[in-house]
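This is the structure I have questions about; it appears just below.
The values are calculated or read from the model by the stated rules, or taken from the named source; none is laboratory data. Worth saying up front: this structure is predicted, and the values here are computed from it rather than measured. As a convention, Cβ positions derive from the backbone with ideal geometry for all residues, glycine included, and neighbour counts pool all protein chains shown.
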Amino acid sequence: MNLIEATISKLTNIQFYLRNLDEQLYGEPLELLSYASIGEHTRHILEFYTCLLEQSKEGTVNYDQRKRDKTIQADPQIAGNVLSSIVVQLQKIDVGQQLQLEICYDAEQEVANIVETSLERELVYNLEHVIHHLAIIKIGLAVLSPKLRLPEDFGVAPSTMRFKKNSCAQ
C-alpha cells in the first residue's frame, strides 16, 4: 500500500463514525477528552490536510495559519463533505513536490523557523497525526456510543497491527 492509499484508508475511518453520530453526540464536549468533542478532533485532522493541500500550491506550509472552520466540528455532514474533497485532492497530487515548512516554537512571539520538506514528508506527518487523533477519538466514542463497532485498525498504527499479529502467531 502506498502513502496515498494508506492515507485514504485511515481517513475512511473518519467517515465510519461521521455516518453513525448525530450532531449532538458529535459536538458533545467530553471531560475525558479535556472537554473537547469528537467534532473538534475531526476538525483538527481535516484542517491539517486542507492546510497542506491548499498552501502547498504556493510552496510553503504553515499549519499555524490554517483556517479554523467551526462548522466542521458542529456538523458531521459538513465534515464528511470536507473529507470527501480531501480524498479527491489527494488522488491528484505530486508527492515529490518540495516545500518549506514554517513552524513557530515560541508561545510569546510569532517567529517562524523554516524547514526544508516535501509534500511526501508532510503527508507522512499528517498520516501519523490522523492515527494519533483517531486513537483519542476511539476513547471518546467508547463513552458516547459504546455499542458502535469500529474497524480493527481504527486509531492503530500499521506497525502495531503487525506486531500484534506476529505476537499472536508466536
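Of all residues in region 65-83, which are more than 15 Å from the chain's Cα centre (by Cα) and under 26 Å from Val111 (Cβ atoms)?
The one that is more than 15 Å from the chain's Cα centre (by Cα) and under 26 Å from Val111 (Cβ atoms): Gln65.
Counting only residues that are more than 27 Å from Leu53 (Cα to Cα), surrounded by fewer than 16 Cβ atoms within 10 Å (Cβ to Cβ) and aliphatic (A, V, I, L, M), which one in region 130-161 is nearest to the chain's Cα centre (by Cα)?
Result: Ile139.
What residue, of Val82, Val87, Val130, Val95, is in contact (Cβ under 8 Å) with a residue 24 or more places away in the chain and in contact with an Asp or Glu (Cβ under 7 Å, 6 or more places away or on another chain)?
The match here is Val95.
Counting only residues that are surrounded by 19 or more Cβ atoms within 10 Å (Cβ to Cβ) and of a type outside the set (S, T, N, Q), how many does region 1-24 have?
6
Quick check: is even one residue across region 100-119 out of contact with any Phe, Trp or Tyr (no Cβ under 9 Å at 6 or more places or on another chain), closer than 23 Å to Leu30 by Cβ, in a helix (DSSP H, G or I) and hydrophobic (A, V, I, L, M, F, W, C)?
no
What about Gly27, is it surrounded by fewer than 20 Cβ atoms within 10 Å (Cβ to Cβ), under 14 Å from Gly140 (Cβ atoms), in contact with a helix residue (DSSP H, G or I) (Cβ under 8 Å, 6 or more places away or on another chain) and touching a residue at least 12 places away in the same chain (Cβ under 8 Å)?
Yes; evaluated as a whole, the condition is true for this residue.
So in region 100-129, with the set limited to residues that are more than 22 Å from the chain's Cα centre (by Cα) and polar (S, T, N, Q), which one is farthest from Ser9 (Cα to Cα)?
Per the stated criteria, the residue is Gln109.
Quick check: anything in region 37-46 surrounded by fewer than 17 Cβ atoms within 10 Å (Cβ to Cβ) and either at pLDDT below 95 or in a loop (DSSP other than H, G, I, E, B) (or both)?
Looking through region 37-46, none of the residues is surrounded by fewer than 17 Cβ atoms within 10 Å (Cβ to Cβ) and either at pLDDT below 95 or in a loop (DSSP other than H, G, I, E, B) (or both).
What are the residues in region 1-48 that are of a type in the set (D, E, K, R) and either more than 12 Å from the chain's Cα centre (by Cα) or closer than 14 Å to Lys70 by Cα (or both), if any?
Answer for region 1-48, where residues must be of a type in the set (D, E, K, R) and either more than 12 Å from the chain's Cα centre (by Cα) or closer than 14 Å to Lys70 by Cα (or both): Glu5, Arg19, Asp22, Glu23, Glu28, Glu31, Glu40, Arg43, Glu47.
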